[in-house]
Amino acid sequence: MKVLVTVKRVVDHNVKVRVKTDHSGVELDNVKMSINPFCEIAVEDAVRLKEKGIATEVVAVSIGPAAAQEQLRTALAIGADRAILVETRETPGALAVAKLLKAVVEREAPRLVLLGKQAIDSDNNQTGQMLAALLDWPQGTFASAVELDGQRIAVTREVDGGLQTVSLQLPAVITTDLRLNEPRYATLPNIMKAKKKPLETLAASALGVPAGTTLRTLRVEPPADRKGGIKVESVTQLVDRLRTEAKVI
Ligand code: AMP
């Protein structure tokens, strides 16, 4: 079974994001970029399916600038077999990404597509759902466990108030939640081996899908600075201030 896994290049989650002085976006120059953490979980799960003998090939796909090759190489070092970069200088919106991924799915014919539930830069939480709708495939979103049984896959989903398990007929789309697994670190020998794995580059325009976005960013503002806390002398004083000042009780 071929598994396609998506990898988005985003600002590393440890970086304190700075807003550009003209408020048009966030500063990306000289900023550490990494694999979106939920995509890393997706890559790890795809590789585990391969180690269990369920997946025969794991193909990592990214849509973005030439520099996204770096994140694809990391996915290859984690254990993906080959990678495809759909190169574009534009910043595609979720629907454009979903349409480009659909074109890749039609070319590659995987039985399973694993995506992160959310990109930590755009915070859309839309791409997997849109891709499933465009393909007319079943979807299991926010997966915290997956178990394959023949032509079906059981996906345990983290929903408000508990866990829900759905059974999907393959081919299917799954988006990963935080608790699905803990991704491994890419070891130095695997980073070296990854340099020799195939990485194909396709121009987004060659897939016949416009890679732009219909969204226009009006202005980006940093969050308001947090005010410092205060120390109170006693629990009675705390309760009093919560009641009279914070008005939370
Ligand atoms: P979003 O809907 O933007 O929050 O993204 C959800 C997931 O879709 C991400 O975790 C990725 O797995 C995938 N995705 C979004 N944008 C891209 C991209 N440019 N390249 C590859 N995968 C992407």
* To do: Give VAL155, VAL159 a once-over and let me know the one that is closer than 18 Å to LYS52 by Cα and out of contact with any Cys (no Cβ under 7 Å at 6 or more places or on another chain).
  => VAL155
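Output the residues belonging to segment 85-106 that are over 14 Å from THR6 (Cβ atoms) and free of Cβ contacts under 8 Å to residues at least 60 places away in the same chain.
ARG89, GLU106
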* Asked: In the list VAL209, VAL166, which residue meets the criterion of being part of a loop (DSSP other than H, G, I, E, B) and either over 18 Å from ALA119 (Cα atoms) or within 18 Å of the chain's Cα centre (by Cα) (or both)?
  -> VAL209
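I'd like the full set of residues that are within 16 Å of the ligand (Cβ to nearest atom) and surrounded by fewer than 21 Cβ atoms within 10 Å (Cβ to Cβ), limited to segment 18-38.
Let us first name the residues in segment 18-38 that are within 16 Å of the ligand (Cβ to nearest atom), namely 25-26, 28, 33-38.
Within segment 18-38, GLY25, VAL26, LEU28, MET33, SER34, PRO37 meet the criteria.
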* Of the residues VAL104, VAL113, VAL97, which single one is under 25 Å from ARG82 (Cα atoms), part of a strand (DSSP E or B) and within 15 Å of the ligand (Cβ to nearest atom)? -> VAL113
* With PRO65, PRO92 as the choices, which residue is within 12 Å of the ligand (Cβ to nearest atom), more than 22 Å from LYS196 (Cα to Cα) and either under 15 Å from the mean Cα position of the chain (by Cα) or not hydroxyl-bearing (Ser, Thr, Tyr) (or both)? -> PRO92
* Structure fact -> Flagged in segment 80-89 as out of contact with any Asp or Glu (no Cβ under 8 Å at 6 or more places or on another chain) and over 14 Å from LEU202 (Cα atoms), in numbering order, are ALA80
* Structure fact -> Within segment 179-206, the residues that are surrounded by fewer than 14 Cβ atoms within 10 Å (Cβ to Cβ), in a helix (DSSP H, G or I) and either of a type in the set (A, V, I, L, M) or in contact with a Gly (Cβ under 7 Å, 6 or more places away or on another chain) (or both) are LEU188, MET192, ALA206
* To do: Tell me which residues, restricted to segment 122-136, are of a type outside the set (S, T, N, Q) and crowded, with 18+ Cβ neighbours inside 10 Å.
  => GLY128, MET130, LEU131, ALA132, LEU135
* Mind telling me which of the residues ALA83, ALA119 ends up being crowded, with 23+ Cβ neighbours inside 10 Å and either under 15 Å from the mean Cα position of the chain (by Cα) or within 12 Å of the ligand (Cβ to nearest atom) (or both)? => ALA83
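With on the phi < 0 side of the Ramachandran plot, surrounded by fewer than 17 Cβ atoms within 10 Å (Cβ to Cβ) and not hydroxyl-bearing (Ser, Thr, Tyr) as the only criterion, which of VAL166, VAL105, VAL146, VAL113 stands out? Quick ask: steps written out before the conclusion?
On the way: VAL105 fails: surrounded by fewer than 17 Cβ atoms within 10 Å (Cβ to Cβ); VAL146 fails: surrounded by fewer than 17 Cβ atoms within 10 Å (Cβ to Cβ); VAL113 fails: surrounded by fewer than 17 Cβ atoms within 10 Å (Cβ to Cβ).
Just one listed residue meets the conditions, VAL166.
Yes or no, residue by residue, for (1) over 19 Å from VAL209 (Cβ atoms); (2) in contact with a helix residue (DSSP H, G or I) (Cβ under 9 Å, 6 or more places away or on another chain):
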position	(1), (2)
LYS117	yes, yes
GLY128	no, yes
ALA143	yes, yes
GLU147	yes, no
GLN151	yes, no
ARG157	yes, no
VAL166	yes, no
GLN169	yes, no
ILE174	yes, yes
* Asked: Which condition breaks for ARG73 when tested against (1) crowded, with 21+ Cβ neighbours inside 10 Å; (2) under 11 Å from VAL7 (Cα atoms)?
  -> (1)
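Every number in this text was worked out from the coordinates using simple rules, so none of it is lab data. Keep in mind that what you see is a predicted model, and the values were worked out from it rather than measured. Cβ coordinates were reconstructed from backbone atoms using ideal geometry, including for glycine residues, and neighbour counts include every protein chain displayed.
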